[in-house]
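Beneath this line is the structure, given in C-alpha cells, with notes to follow.
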Amino acid sequence: MRYGYRYILETGSKKHHCPNTDCGKKTFVRYIDTETGDYLPEQYGRCDRESKCGYHLNPYKDGYYQMIKEQERGTFNGTWKSEPIPVRKKAETRPKPDFIPVEVLKQTLEPDRYELNVFIQNLFTKVPFPFEVSDVTKAVELYKIGTIKAGYRKGAVTFPFIDLKSNIRAVQVKQFSKSNHTTGTDFLHSIIDKYHSKRYEPLPDWLEAYNKNELKVSCLFGEHLLSKYPLNPVALVEAPKTAIYGTLYFGLPEQPENLIWLAVYNKSSFKFDKLKVLKGRTVLTFPDLSKEGQTFREWKRKAEEIERRLPGTKFTFSDLLEELAPKEDKNEGKDIADYLIRLDWRAFKDTPQPHQIIIR
C-alpha cells in the first residue's frame, strides 16, 4: 500500500456539497479507500470552511475503520452504527439580541409631545401642499412615530424599527429643519446613555444589555406591518422619512392592493438577512439617487441574488428617476420623497398604486 493510511482525504481540487445541513456549500473533501479507489460513505470527509462550519467526520475516529477490518476478518457482530452528522460549532451561533422596552418607546408617543415635533408640524404648514391632520395621524399611529421632549434633540422625530414579533430593535432619532431637511441624526438608546453618563448614574439594566448587541438596526422600518397586512405588496426605500411620504401620497395599506412602505435604514442595509422577511412578496424598490447610479445597480444586483434564495419573491425597479434626474440631484443623493413633496398629494388619491403601472 502506497499510503500510511488506508483511508485518506481525496487529493486534487474536486469538491462536494457539505452534508452539514447548516452549511451545504460545495467545499467538502471526501475520504477515499486507497485499496479500492472508492469513496467512503458520503458523510465521511472534511469541510474547508473550518471557521464557519467545522464539519469533519473521520473514519478512524468513529469506528468505521474498525468495523471494515472486522468484516474482512469475519468477526464483525453487526452492531456498529455511524455517528450522526455534526452541526456547526455552538461558538458560531449568534447570541440572541436584547431589545428596547415597550415602556421606553411609549414615552416618545405621549400625545402632548407632537406639538414640539418639527417633522410632523412641517407636514401641516411648511410643505408645498399641507396634509390633512387625519392622514398624518393615521401614519403616525401606524408606524408608531414619536417625539423627543427635551435635551439637545428636543423636537426631533423618532422612527422605531419594530420587527415581525413586535420587538423594538432600534429607535432612530432625526432632527429636521423647517424645510424638512435633516440637520441631525441620533438613536434613542444613545441619548439615554449620554443622559445617565453625564450625571455619573448607572445605566438601566436593559440598556447595559442592549449596548452589547453587535447590530442595532437589525430589521426594516415598518416590518411589524407585514404580519398585520400579509397580502399587500411592498414599497422599499432607504430612509424612514421616505416611507412616511410614500404612505401619505399613496395611502395606508388598508386595501390588499395598497403598498406597505418600508425602509431599510441606509444604502448598505439592502441585505438578505434583513430582507428575508419579504419572502413571497412583490417588492417595488426605490433606491436613492447616487453618482453614476451606483446604488441603483448595487441594489438591483443584490435583489437578483435574493430572488434566487427566496422563491416567490419579486423585486421590481423603476429607472424613471435614474433616467430623468439631473446630475446635481444624483450627486446630492436625492430620493423619491424629494420629488413627491413638490406635487399635490390630492392628485394621487384616485390613481393606481405604483406597482400597478411600473414594469421592470
Handout entry: Normalised per residue, the volume of the convex hull around the Cα set of the range 96-217 (Å³)
Key = 114 Å³
Practice task
Compute the length gained on full extension between residue 322 and residue 107: take 0.36 nm times their separation in residues and subtract their Cα-Cα distance, giving the result in nm to one decimal.
Solution key: 73.3 nm
Exercise for the section: Provide the FRET efficiency to the nearest 0.05 for the residue 150-residue 332 pair, computing r from the beta carbons and using R0 = 25 Å. Expected result: 0.15
Handout entry: Given 15 as the ceiling on other Cβ atoms within 10 Å, longest exposed-site-free region of the chain for chymotrypsin sites (Phe, Trp or Tyr not before Pro) in DSSP loops
Key = 201-360
Handout entry: FRET E, pair residue 279, residue 56, Förster distance 30 Å, beta-carbon r, rounded to 0.05
Key = 0.35
Completion exercise
Longest principal axis of the chain (C-alpha) makes with the long axis of helix 294-309 (C-alpha) an angle, in degrees to the nearest 10, of 50 degrees
Practice task
Provide the percentage of antiparallel DSSP beta bridges, counting only those with both residues in the chain; round to the nearest 5.
Solution key: 70 percent
Practice task
Only bridges with both residues in the range 220-360 count here: give the DSSP antiparallel percent, nearest 5.
Solution key: 10 percent
Problem - Rounded tilt (10° steps) of 64-73 against the dominant C-alpha axis of the chain - result: 20 degrees
Handout entry: Karplus-derived 3J(HN,Hα), 6.51/-1.76/1.60, for each residue of the range 226-237, Hz, glycine and proline x
Key = 5, 6, 6, 10, x, 9, 6, x, 10, 10, 10, 10
Practice task
Pull out the extension gain between residue 349 and residue 135, defined as 0.36 nm times the separation in residues minus the alpha carbon to alpha carbon distance; nm, one decimal.
Solution key: 75.8 nm
Handout entry: Local electrostatic count, residue 119, Cβ distance below 11 Å [Lys/Arg +1, Asp/Glu -1]
Key = +4
Handout entry: Segment residue 205-residue 11, length gained on full extension (0.36 nm per residue, minus Cα span)
Key = 64.4 nm
Fill in the blank from the handout: In whole percent, the Cα-Cα distances of the chain spread across 10 Å bins from 0 upward as 5, 19, 24, 18, 12, 10, 7, 4, 1, 0
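Taken together, the values in this text are just the output of simple stated rules run on the coordinates, not laboratory data. In this text, all values refer to a predicted model and were calculated from it rather than measured experimentally. Neighbour counts are summed over all protein chains in view; Cβ atoms, including those assigned to glycine, are modelled from backbone coordinates with ideal geometry.
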